[in-house]
Structures are given as structure tokens and as C-alpha cells.
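Just so it is clear, none of the values below were taken in a lab; they were calculated from the coordinates. What you are looking at is a predicted structure, and each value in this text was computed from that prediction instead of being measured. Because the Cβ atoms are built from the backbone with ideal geometry, glycine has one as well, and the counts that use them run over all protein chains shown.
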Amino acid sequence: MSITITTAAADRVNRFLESRGKGVGIRLAVRTSGCSGMAYILEFADEAEENDVVFEDQGVKVLVDKKSLLYLDGTELDYTKEGLNEGFKFNNPNVKDMCGCGESFTI
């Protein structure tokens, strides 16, 4: 099982953590939401929790709870800028379908 992060995403996360002044990395998770069933959660992690699996890539720790890892295994986190839009992008090989707005997905 693995989660990876691109150089662009790692740079952005490290800048956020530096300006925030604390944190061990980022937490990725999924929750039931939206029209397609599941949505991504991305937040800062101040410490690892007992149920976390910790991956380190590009110098960034990515913490994922074991339940979410079933849906996120193999995912690459990227950071993209396209015109005026910028943000994190989840390249998840497990996704079978997404809603039209891109907020939720089905596995």
C-alpha cells in the first residue's frame, strides 16, 4: 500500500506547514458525501493517531487512517495551477466514477 506526493504538492505543503508554525505533515481521508458517494479530506496533522498509517514522500509525512487507506491506496497527491485556478489534485487509480463538479467519487 502506498500514497505518493509530487514535488509541487510537497513544496506547497511545506510552505503551509512553515507558515503555520507547527504540524508533522498532512492527513488524507475520505468521508461519505456528495452525489457520487465519497469525498476527499485534506488537513494538517499535528500528531499521528493510533489508527494512522504514515507514508513519507518528498520529505512530507502523509497520514492516512486504515479505513480510508482502502480507498486511497495508490493515490498520488499533486498541486496544480491552471489559469486562475489552483489547488491539490488527487490522482486516485481506484476511482470508477466522479460527479460532474469533481467533489465526490465512487470506488
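Just a few scattered comments:
- Set of lysines with alpha-carbon distance to Lys81 below 24 Å, sequence-local pairs under 8 removed: Lys61, Lys89
- Taking a sphere under 13 Å around the Cβ of Ser2 and counting the other residues whose Cβ falls inside, with K and R at +1 and D and E at -1, yields a net charge of -4.
- Cα gyration tensor category, rounded, prolate or oblate, for the chain with a/c compared to 1.5: oblate
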